[in-house]
Amino acid sequence: PIKACLFDLDGVLVDTAKYHYLAWQRLAYELGFEFTEQDNEKLKGVSRMASLDILLSIGGLSLDESIKNELATRKNDWYFQSISTMDHSEILSGALEFVKECRDHGLKIALGSASKNAMTILNNTGLTPYFDVIIDGTRTASAKPDPEVFILGAAELGVLPEQCVVFEDAEAGIEAARRAGMACVGIGSPQTLGSADFVIPSLQNMSVDRLQELTTD
Ligand code: B16
Ligand code: MG
């Protein structure tokens, strides 16, 4: 039986993808090329430096490590400005209700995010107290699709991978969950998240009963 739920942050609990997009778009604009919303899809769930590499390849640019670090910092400063004014109203519909329901049923809750800004987002939205364990981009060496973030989460919760369900909105995250040996619920559209065990449009469509149904065969 399922003992723990591991949640991705961006795109599952909060919609910070729009702020990432605005900041990356501004950077691309300063570098002299366009960056569309469709391009932004490729960055979801991907680490900051890997995202920059994708962005630069779209612009046909190849730059030194030191310049890349400077650009990543510039992007993050803009992004940080956006998330610094976030509040609980930016929690995605159904997310808090589902997390609370999980806790009421005795399920353990962990965060498994690639973001180095996760603590700022959790604190500003008031989500921090709901987590038993928080694994973010400051605590992992390898980014998704590497399973490290979820394996570490399960270990700190004291549960086995097969007792965990991961909630993810990005392909890289779904692959990470699979490689960790965990069940995975995709949040979004079945077209892009086909490799998840089940796909739902949002956590509004999830309940503990439904989760138990889906994970017992
Ligand atoms: P940062 P998640 C990911 O968070 C985002 O989806 C991805 O777009 C971002 O590049 C990455 O975090 C790193 O974020 O620049 O804040 O360290 O979806 O794994 O919660
Ligand atoms: Mg995500």
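Answer with yes or no whether ALA196 is surrounded by 22 or more Cβ atoms within 10 Å (Cβ to Cβ) and in contact with a strand residue (DSSP E or B) (Cβ under 7 Å, 6 or more places away or on another chain).
yes
Can you pull out every residue in segment 24-55 that is out of contact with any strand residue (DSSP E or B) (no Cβ under 9 Å at 6 or more places or on another chain), within 16 Å of ligand 2 (Cβ to nearest atom) and touching a residue at least 40 places away in the same chain (Cβ under 8 Å)?
Listed by number, the residues that qualify are TRP24, GLU41, VAL46, SER47, ARG48, ALA50.
Given the options GLY173, GLY181, GLY153, name the one that is outside any strand (DSSP E or B), in contact with a Gly (Cβ under 7 Å, 6 or more places away or on another chain) and more than 15 Å from GLY45 (Cα to Cα).
GLY153
Starting from residues that are β-branched (Val, Ile, Thr) and within 16 Å of ligand 2 (Cβ to nearest atom), keep the ones in segment 1-23 and report whichever is surrounded by the most Cβ atoms within 10 Å (Cβ to Cβ). Show your work before the answer.
Residues of segment 1-23 that are β-branched (Val, Ile, Thr), as a first pass: 2, 12, 14, 16.
Imposing the further condition that a residue be within 16 Å of ligand 2 (Cβ to nearest atom) reduces the set to 12, 14, 16.
Details: VAL12: 26, VAL14: 22, THR16: 22.
Step by step, filter segment 1-23, then rank; the result is VAL12.
Every number in this text was worked out from the coordinates using simple rules, so none of it is lab data. Every value quoted in this text rests on a predicted model; they were computed, and no experiment measured them. FYI the Cβ positions are ideal-geometry reconstructions off the backbone, even for glycines, and counts take in every protein chain you see.
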